[in-house]
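The values are calculated or read from the model by the stated rules, or taken from the named source; none is laboratory data. The model shown is predicted, which means the values in this text are computed figures rather than measured ones. Here the Cβ positions follow ideal geometry from the backbone for every residue, glycine too, while neighbour counts run over all protein chains shown.
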Ligand SMILES: O=c1ccn([C@@H]2O[C@H](COP(=O)(O)OP(=O)(O)O[C@H]3O[C@H](CO)[C@H](O)[C@H](O)[C@H]3O)[C@@H](O)[C@H]2O)c(=O)[nH]1
């Protein structure tokens, strides 16, 4: 045994001084495989000998020692450049942080110019049409590895209902929207096509199993299982001090403490998965990234893709008008003293200091429009595939990182608790050359952005006029958008009433919902309704089917129309019944499920008219 140890020692050339820094590791070397010995050598070189201080004699906890190196190996292979790169990047960023260096030092922020769209005008309609046509050349990437700590929901956010009228969850809505785009796009190709739009979901240890379970127990919501790829992000090692010494788990000294690295991981994962080249070879041109809880997003996607196509943007970020201090990053043009410029998301916690440091004494404030002059990044990115592959081939998907240690005191010598490096997917353009075509598309908030991020208590504390980003506001935003779209298409929609749920004041519009296959563009809605229709404020309307036309319909109550794709149904007449009511509930009422409580209301289904067409052919329904 002793000679084997000696042999390994010479093999890895750990000098006497190193041997003396980690004698306990030396004693255990014979337990390790050659690869693990290499990793041990690397750790010692990177001054991580503290990790082995407590290692007992061989024969004690040997499995745990091997498990430790299994983890080191995972941490090493899941970070571009390996653990060496991680430790060295950490040292540099921790030194910058200690020195109070701002990553935007030397850059002056200004308001960039980009495409600003108005829903329903000729330009918007033209872009939607172009976007739908292009959709069959797109792949979708959903980042869903986050725990959603601010929401405080115990399950995965993708499983939450986006509205409770139908109870459809976010993931179902996303998949049905992609399938609807796929079908609509293929119909525009002469002779049809059978393209399948790929969907990648980035998960993490926190979300992987429940996401897979949600898909499997719902037959992938109609998508082919082969169309969906789950890529799991790994966490990164935590750091104990400014020298980037890796932190051991407080409850298990044979484990390195880890935390999430952020949504920026998606680029490295996509790169290493080999999917990008596969898509490229299959003729795809676009990759669309999106987040876990924005029920409005797919209303914005066709036009935004149309913008990418017509403007030939390599990077197109979707944005909405932003309220000052709102927790979304601002799209900003940064001009360096040396002449370099870039258009990039400046995260909400950095925008204010960066403005103050550059002559804007009031920092992040609204201008005369009542909004911040910087458009708000909603983290929906459309990247052109070919330049994306070229860039990742250079960077391997590594994204500019940052560190945010909580220091014990102003000497910044030690941390209150361990920290780690983080990265964000919207920082991708930071490494691009100045020739890259980086742009953005601003859409109206009511159409494009209604995330569910805040728990009821925090939402109630949001300054008046700023969005709540709660389950309550997220659901109400769906009804509002659908009502406004129908109104714009000519339907007489009653005005909303203002009501309060979970201490949040919201507009309550008629509860109108439709399945994505009914309409994915404004043109689809216009084709399927006419101006002789009306819907009262207390009404609920659920449209489930592809070929359902509302003609001369007057609704005051609840109407549900369900039809198979082969049935063409015309709905008209006067529907009046007691309908469905919104019953207020308290989020503290623990007798109710959390999904319901977080909204502050539940739907009391008193009376409805439900019609169902399961036979192909033309049907006329007159109430
Ligand atoms: O390690 C992680 C962390 C997050 N996510 C996913 O990334 C998305 C975004 O996460 P958050 O909702 O926590 O994001 P933030 O609110 O912190 O902010 C992000 O979303 C905002 C808009 O919703 C702004 O665009 C902002 O600039 C951007 O950083 C979610 O789908 C989440 O599941 C991961 O996949 N892995």
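Quick check, is residue 588 under 22 Å from residue 506 (Cα atoms), part of a strand (DSSP E or B) and either in the same structural domain as residue 167 (by TED's automatic domain parsing) or in contact with a helix residue (DSSP H, G or I) (Cβ under 9 Å, 6 or more places away or on another chain) (or both)? No, not satisfied. Inspect the stretch 227-237 for any residue being surrounded by fewer than 22 Cβ atoms within 10 Å (Cβ to Cβ), within 25 Å of the chain's Cα centre (by Cα) and under 17 Å from residue 385 (Cα atoms) and give the result as yes or no. Among the residues of the stretch 227-237, not one is surrounded by fewer than 22 Cβ atoms within 10 Å (Cβ to Cβ), within 25 Å of the chain's Cα centre (by Cα) and under 17 Å from residue 385 (Cα atoms), which makes the answer no. Anything in the stretch 194-219 that is farther than 25 Å from residue 87 by Cα and surrounded by fewer than 19 Cβ atoms within 10 Å (Cβ to Cβ)? List them, or say none. Once the filter is applied, which keeps residues that are farther than 25 Å from residue 87 by Cα and surrounded by fewer than 19 Cβ atoms within 10 Å (Cβ to Cβ), the stretch 194-219 yields 194, 195, 196, 209, 210, 212, 213, 216, 217, 218, 219. The strands (runs of 3 or more DSSP E) found entirely in the stretch 298-380 that carry 1 or more residues being under 26 Å from residue 106 (Cβ atoms) and more than 16 Å from the ligand (Cβ to nearest atom) are 330-336, 341-346.
For residue 532, the stated conditions hold: it is at pLDDT below 95, within 26 Å of residue 612 (Cβ to Cβ) and in contact with a strand residue (DSSP E or B) (Cβ under 7 Å, 6 or more places away or on another chain). Considering 107, 119, the condition of being buried (at least 22 other Cβ atoms within 10 Å of the Cβ), in contact (Cβ under 8 Å) with a residue 60 or more places away in the chain and more than 19 Å from residue 313 (Cβ to Cβ) is satisfied by 107 alone.
Tally time: how many residues in the stretch 138-159 are in contact with a strand residue (DSSP E or B) (Cβ under 6 Å, 6 or more places away or on another chain) and either at pLDDT 95 or above or in a helix (DSSP H, G or I) (or both)? Count: 9. Within the stretch 130-159, which residues are more than 21 Å from residue 451 (Cβ to Cβ) and either in contact with a helix residue (DSSP H, G or I) (Cβ under 7 Å, 6 or more places away or on another chain) or within 15 Å of the ligand (Cβ to nearest atom) (or both)? Correct list: 130, 131, 132, 133, 134, 135, 136, 138, 139.
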